[in-house]
Ligand code: X2X
C-alpha cells in the first residue's frame, strides 16, 4: 500500500472512530431520559383540560424530537383518585409532571387559595392581570420553594353552581342543599357559610354521586367540565355567579427538570405555554366574545363543537340564572367574614398583590 493508501485508511479509521464516539454519546445522552415521564391530571381526555394535557404531550414530543415522552394518567389514576395529593407526589418525584388545578395544589401551596377566595376575582380580565402580575410571580416562587417548577398557566374556569332543586338567586336558596365540593377546606367553609350542606367527594366519585342523586348539586365550570359530564341530565338549574376560579398550572419535579439540558427545558416550557394558550381558549370560547374562538381558529385550526356553552346548556333544558350586581353582592356579603380566616393562610402580602394587580 502506498503512502496515500495508508493515509486514506487512517482517515477512514478515524472517521469511523469519531462516528462511533458520537453514537455512543448520543446513546448515553438518550439513556439519561426516562422511557416515559408520568403526568397526573384529575380529569379524563374528553374534558377541555384533558385536551390541553394531550396537546402538551404532543408538543413536548415534537419539540424535543421524540426525546421526551410523557404519559398522561387521567382521573388521578396514579393517586387512586385522591386529587389533592398531586403536588406532594410531584415534589417527591414519584410523579414527574402535573397538569393540575390550583384547587388540587393548594394543600401544598396555600397561596393558591387566592383563586378560591369567594367573589374576589369575578372576571377574565382580573384573572389575567393576576397571572401576569405580581400575584403570579409570587405563586410561582412559592412553588419553586416546594420543589416544583411551574411551566405555564392553563385554566379550568370560573365555577358555577348547578342543582336539581331550584334556581339559586339568593343565599337563602342554598339553604340545606347538599353540594358536592372538592375536599379542600376553603370550599367546605364557603358552603357552610352559605347555609348549604357541603359533601366532600373526589371527582372520581362525584359523577356517580350526581347520577345517583346522592347530592343535590355541585360547582364546576360549565364548558369544560359540567357539559362534558352532561350535568343537564341530573341538574336542571345553573347559576352563573363566577364565585371563584381555578386556573391550571403545568408543573414539573424541580430536581428532574433542572437536570435537563437547557434546550430540553426550553422545548418543554414552550410546549407548556402553547398548550396552556390552547386549553384556556377552549374553556373561554363563547364566554369572551370572539377572542378565544378566534385564537382557536387562527392559531390552532380548531373549530369548537360547542361554540356557545350557555346556549348549549339552555338547549338541553337547563334554566340559566344570571345574577344582577346586587344579587351577587348579597353572596359576597354572606361570605366576606371568611376573608379574615383565609387571608392569613394565603398570605396578607399576596392578597395585597392580588388587589393591586386587579386595580392596574
Ligand atoms: O374536582 C373538581 O371539581 C375539578 C374536576 O374541577 C377539579 O379537579 C378541581
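The values are calculated or read from the model by the stated rules, or taken from the named source; none is laboratory data. Here the structure is a predicted model, which is why all the values come from computation and not from measurement. Ideal geometry is used to build each Cβ from the backbone, glycine not excepted, and the neighbour counts take in all protein chains shown.
Per-structure values
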{"item": "Candidate set from the range 157-184 (those that are within 16 Å of the ligand (Cβ to nearest atom) and free of Cβ contacts under 8 Å to residues at least 40 places away in the same chain); member that is farthest from the chain's Cα centre (by Cα)", "result": "178"}
{"item": "Any hit, the range 293-306, residues being surrounded by 14 or more Cβ atoms within 10 Å (Cβ to Cβ), touching a residue at least 24 places away in the same chain (Cβ under 8 Å) and closer than 20 Å to residue 242 by Cβ", "result": "yes"}
{"item": "Matching entry among 66, 2 (being surrounded by fewer than 18 Cβ atoms within 10 Å (Cβ to Cβ), away from the ligand (no atom under 16 Å from the Cβ) and modelled with pLDDT under 95)", "result": "2"}
{"item": "The range 307-327 - residue that is without any contact (Cβ under 8 Å) to a residue 60 or more places away in the chain and over 24 Å from the mean Cα position of the chain (by Cα) and, of those, farthest from residue 283 (Cα to Cα)", "result": "326"}
{"item": "Residue match in the range 147-156 (condition: surrounded by fewer than 16 Cβ atoms within 10 Å (Cβ to Cβ), more than 19 Å from residue 277 (Cβ to Cβ) and more than 16 Å from the ligand (Cβ to nearest atom))", "result": "no"}
{"item": "The lone exception for residue 330 - which of (1) on the phi < 0 side of the Ramachandran plot; (2) free of Cβ contacts under 8 Å to residues at least 40 places away in the same chain; (3) over 20 Å from the mean Cα position of the chain (by Cα) it fails", "result": "(2)"}
{"item": "Residue ID - surrounded by the fewest Cβ atoms within 10 Å (Cβ to Cβ), chosen from residues in the range 114-145 that are closer than 13 Å to residue 243 by Cα and touching a strand residue (DSSP E or B) at 6+ places or on another chain (Cβ under 7 Å)", "result": "124"}
{"item": "Count of residues meeting criterion [within 14 Å of the ligand (Cβ to nearest atom) and more than 16 Å from residue 182 (Cβ to Cβ)] in the range 209-230", "result": "4"}
{"item": "Residues (touching a helix residue (DSSP H, G or I) at 6+ places or on another chain (Cβ under 8 Å), more than 25 Å from residue 110 (Cβ to Cβ) and part of a helix (DSSP H, G or I)) located in the range 312-360", "result": "313, 330"}
{"item": "Top-ranked residue of the range 98-113 - restricted to ones that are out of contact with any strand residue (DSSP E or B) (no Cβ under 9 Å at 6 or more places or on another chain) and closer than 21 Å to residue 280 by Cα, ranked as nearest to the ligand (Cβ to nearest atom)", "result": "106"}
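Matching residues to (1) free of Cβ contacts under 8 Å to residues at least 24 places away in the same chain; (2) within 14 Å of the ligand (Cβ to nearest atom); (3) more than 20 Å from residue 33 (Cα to Cα):
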site: 241; (1), (2), (3): no, no, yes
site: 244; (1), (2), (3): no, yes, yes
site: 251; (1), (2), (3): no, no, no
site: 267; (1), (2), (3): no, no, no
